[in-house]
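Participant: What follows is a single structure, and I will ask about it in a moment.
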Amino acid sequence: MQIIENFSLKSYNTFSIEASAQYFSSFQTMEELEELLQVSMGSDDHLILGGGSNILFTRNVSGWVLKNEITGIEKFHEDDEFYYVRVGAGENWHRFVMHCIQNHWAGVENLSLIPGNTGASPMQNIGAYGVEIKDVFHELEAFHKRERKMVKFGLEDCEFGYRESIFKQRFKDQFVILKVSFRLRKQPVFNTSYGAIEEELKRMGVQTLSIAAISQAVINIRTNKLPDPTIIGNAGSFFKNPEIEEKQFGVLKSEYPSMVGYPLADGKVKLAAGWLIEQCGWKGYRRGDAGCHAKQALVLVNYGNATGREIYVLSEEIQDSVLRKFGVKLEKEVNIF
Ligand code: FAD
Ligand code: NAP
């Protein structure tokens with residue numbers, strides 16, 4: 001186990017922001033994590049890092065950055081309907097999805113090509129194309145940093161919401177997620193109604209629907225629409241899609257007839273944040289190396305040497321302008337450090 005001082009995090013965050021960690025190390029087992037927590041005793045400042053694809057560094061880390069590298073994918077149980085699969089937090093999420101497709105374990109195909117690691121997937125209940133991990137979640141094992149004990153969390157315990165969980169709210173920075181278990185279907189239930197999936201399946205000439213075909217369709221759409229972080233720094237959607245009251249939506253829709261709104265089960269309406277940002281003129285905007293992506297305004301980008309602060313300031317300006325024009329408050333999805 002190596003501990004490195006003044007470690008550059010530039011290649012450890014997909015925004016490619018230059019920031020340093022006072023101390024950096026990685027762990028591959030719970031015992032190594034415990035050892036690191038022991039060594040760093042006295043410091044409450046431990047940032048647990050996965051793939052760094054949902055974080056914006058606006059300053060250096062004046063404490064510890066611990067990278068979770070616990071790997072392994074293990075089917076540990078099955079019943080008539082499901083396979084139960086335990087995954088190490090350090091496993092790359094997309095690699096796990098591909099493993100599921102190869103083994104005909106259904107449920108995560110719509111979540112193909114989401115960057116980052118499996119351990120972070122419950123943090124914001126990752127979601128795309130009408131599926132969230134709460135739909136396939138079984139339980140997780142996490143280590144309480146201060147109390148030094150393992151705790152299991154079932155579905156209800158995680159308090160999953162739209163891009164939310166208890167780990168982003170009440171238990172923020174308290175636990176290190178070590179393993180996540182999923183309940184994957186033996187017989188797939190296809191979900192193709194969302195976004196451009198059906199259109200893409202048609203374009204691909206798919207005759208017989210399968211989880212592999214859906215996964216490939218999602219990969220094609222995402223590759224075409226989203227900036228590749230290895231080329232242009234970004235952390236995916238910077239803001240959540242806001243949910244507003246039906247009444248407010250009615251008022252806005254009469255003023256902006258092309259406004260997109262999706263009715264939700266609780267009576268609210270979800271707006272497409274990308275559309276709101278685009279209407280405020282930000283799509284394709286660039287100032288220095290900080291910008292708003294030309295194909296999807298919801299994605300803020302680093303064209304090279306932007307600082308985290310510059311991206312952050314831009315995000316605040318975008319929030320202000322959307323609030324002024326539409327009276328809608330955008331909430332940041334990316335974790336700001
Ligand atoms: P990191 O960025 O490393 O960490 C995120 C947060 O979780 C941090 O606060 C960190 O401290 C904490 N954390 C990480 N691992 C652990 C752990 N083991 N225990 C405790 N805390 C931990 N997200 C979606 O929901 N849907 C999408 O479709 C999607 N598309 C994206 C597309 C692109 C191009 C990019 C760049 C990002 C996208 N994201 C999407 C965001 C991101 O990929 C996910 O949120 C992902 O789950 C983050 O994983 P990570 O390992 O990179 O987390
Ligand atoms: P899109 O298809 O252009 O649609 C814009 C937004 O409208 C989406 O974000 C989605 O909200 C919502 N939407 C679309 N179809 C819907 C439907 N049938 N019912 C309810 N809501 C609907 O979106 P996109 O930007 O290309 O992204 C496609 C999917 O990938 C979305 O689910 C998006 O969340 C996900 N994605 C997430 C990130 C991230 O970093 N979080 C980055 C890229 C893509 P939802 O976001 O609520 O699903």
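The values are calculated or read from the model by the stated rules, or taken from the named source; none is laboratory data. All values derive from a computational prediction rather than experimental measurement. All Cβ positions, glycine included, derive from the backbone under ideal geometry; neighbour counts span all protein chains shown.
Participant: Look at Asn305 and say whether it is within 16 Å of ligand 1 (Cβ to nearest atom) and surrounded by fewer than 19 Cβ atoms within 10 Å (Cβ to Cβ).
Facilitator: So Asn305 fails the test.
Participant: Next question. Take the conditions touching a strand residue (DSSP E or B) at 6+ places or on another chain (Cβ under 7 Å) and outside any helix (DSSP H, G or I) and apply them to Ala297. Does it pass?
Facilitator: Here the answer is no, as Ala297 does not meet what is asked.
Participant: Further, regarding this structure: Return the only residue of Leu314, Leu298 being under 18 Å from the mean Cα position of the chain (by Cα), of a type in the set (A, V, I, L, M), within 22 Å of Gly327 (Cα to Cα) and modelled with pLDDT of 95 or more.
Facilitator: It is Leu298.
Participant: When you go through Asn220, Asn241, Asn234, Asn224 one by one, which is the residue that is under 22 Å from the mean Cα position of the chain (by Cα), within 27 Å of Tyr303 (Cα to Cα) and exposed (fewer than 15 other Cβ atoms within 10 Å of the Cβ)?
Facilitator: Going through Asn220, Asn241, Asn234, Asn224 in turn, just one is under 22 Å from the mean Cα position of the chain (by Cα), within 27 Å of Tyr303 (Cα to Cα) and exposed (fewer than 15 other Cβ atoms within 10 Å of the Cβ): Asn224.
Participant: Given the criteria within 23 Å of Met123 (Cα to Cα) and in a helix (DSSP H, G or I), does Arg324 qualify?
Facilitator: In short, no.
Participant: If Val251 passes every condition in (1) away from ligand 2 (no atom under 14 Å from the Cβ); (2) surrounded by 15 or more Cβ atoms within 10 Å (Cβ to Cβ); (3) β-branched (Val, Ile, Thr) but one, which one does it miss?
Facilitator: The single condition Val251 does not satisfy is (2).
Participant: List the residue pairs whose Cβ atoms are under 7 Å apart, where the first residue sits in segment 50-73 and is closer than 15 Å to Val87 by Cα, the second is assigned to a strand (DSSP E or B) and within 16 Å of ligand 2 (Cβ to nearest atom), and the two are 6 or more positions apart or on different chains.
Facilitator: Partner pairs satisfying both residue conditions: Gly50/Asn117; Asn68/Asn117.
Participant: Would you say Val97 is within 12 Å of ligand 1 (Cβ to nearest atom), part of a strand (DSSP E or B) and either buried (at least 16 other Cβ atoms within 10 Å of the Cβ) or under 19 Å from the mean Cα position of the chain (by Cα) (or both)?
Facilitator: no
Participant: Would you check which residues across segment 19-44 are more than 21 Å from Glu91 (Cβ to Cβ) and exposed (fewer than 15 other Cβ atoms within 10 Å of the Cβ) and list them?
Facilitator: Glu35, Gln38, Val39, Met41, Gly42, Ser43, Asp44
Participant: Residues that are at pLDDT 95 or above, outside the structural domain of Ser315 (by TED's automatic domain parsing) and in contact with a Pro (Cβ under 6 Å, 6 or more places away or on another chain): find the helices (runs of 4 or more DSSP H) completely inside segment 178-282 holding 1 or more of those.
Facilitator: Answer list for segment 178-282: 211-225.
Participant: Criterion first (part of a helix (DSSP H, G or I), within 11 Å of ligand 1 (Cβ to nearest atom) and not assigned by TED's automatic domain parsing to the domain that holds Leu178) does Leu33 satisfy it?
Facilitator: Yes, satisfied.
Participant: Being closer than 21 Å to Trp105 by Cα and surrounded by 17 or more Cβ atoms within 10 Å (Cβ to Cβ) is the filter here; which residues of segment 135-177 pass it?
Facilitator: If the condition is that a residue be closer than 21 Å to Trp105 by Cα and surrounded by 17 or more Cβ atoms within 10 Å (Cβ to Cβ), then Asp135, Val136, Phe137, His138, Glu139, Leu140 are the ones that fit.
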